[in-house]
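Notes follow once the structure below has been shown.
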Amino acid sequence: MTFYSKGRETFLFHAQSADFCFMPIYTSFALNNDCQVMLWRIEEDEPTLWAGLQLTPEEQLDLSGITHPDQRVEWLACRVAVRDLVRQNGLVYKGLMKDEYGKPHLIGDTRAHLSISHTGGWAAAVWHKNRPVGIDIEPIRDQFTRVVPRVLSDSEIAHAAGRPDRLAVYWCAKECLYKLYGKRQLTFREHLHIDPFPDEAEYLTGHVRLPNHEETLQIRCLKMGPGLLAVAF
């Protein structure tokens, strides 16, 4: 597999099958030797995305429950992103399955871990060779001020100081922690915590704190795509 560039967009070329991926990559990069991220700007319609995927019956059923056209496109785009991450690592993509908590897993691969996220016009995926990961992409928007009381602790609220940029970081970081942990019965305010961070920080520290489980995790938070992209691992 090789890359070629046109402007600021990079396209994947699959040498073995001699066909181009139909969706331009906005960026693809590694967080470390075992963790890779792909961020896509969606420009294709649903039939084009369908043409490049072979969905399992369970995936087709899942998609049939999504009625909004844009959300259907984003759902499909996430699968394309995962498929190409898997192929980049020399593996065969067989589709995604969800566990009892709704967390996606690769069919036929019990070692690797992945996470997906989408927002208007964008899709993202992260792949890790051997440990759980979580990803979230978000635009920076004033609406975050309305959810502060239910997602931030008192100390986090004080640090955010009502600023949309800081609130977006807290939300994005907690969302990817939630996806990494992958189980229900978590609340953003009580169980997920982010240490105070300087503005423009790329490296954050997050904590999952439950009565029977505590874990400290690293989070990368980057300004890119729709606004922010955060990965917990």
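The values are calculated or read from the model by the stated rules, or taken from the named source; none is laboratory data. Keep in mind the model is a prediction, meaning the values are calculated, not measured. In this analysis, Cβ positions are derived from the backbone assuming ideal geometry, glycine residues included, and neighbour counts consider all displayed protein chains. We work out accessible area using only protein heavy atoms, side chains counted, and drop any ligands, DNA or RNA first. Shrake-Rupley method; radii C 1.70, N 1.55, O 1.52, S 1.80 Å.
One table, with the values for the structure above:
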{"quantity": "Test: residue 84 is of a type in the set (Asp, Glu) and open to solvent by less than 10 Å² (accessible area, probe 1.4 Å)", "calculated": "yes"}
{"quantity": "Checklist (1) open to solvent by 50 Å² or more (accessible area, probe 1.4 Å); (2) under 22 Å from residue 35 (Cα atoms); (3) in a helix (DSSP H, G or I); (4) not hydroxyl-bearing (Ser, Thr, Tyr) applied to residue 131, failing item", "calculated": "(3)"}
{"quantity": "All positions within region 32-70 that are open to solvent by less than 30 Å² (accessible area, probe 1.4 Å) and part of a strand (DSSP E or B)", "calculated": "35, 37, 38, 39, 40"}
{"quantity": "Residue 111 being of a type in the set (D, E, K, R), closer than 30 Å to residue 33 by Cβ, at pLDDT below 95 and open to solvent by 50 Å² or more (accessible area, probe 1.4 Å)", "calculated": "yes"}
{"quantity": "Total residues in region 90-103, condition of a type outside the set (Phe, Trp, Tyr), surrounded by 12 or more Cβ atoms within 10 Å (Cβ to Cβ) and in a loop (DSSP other than H, G, I, E, B)", "calculated": "4"}
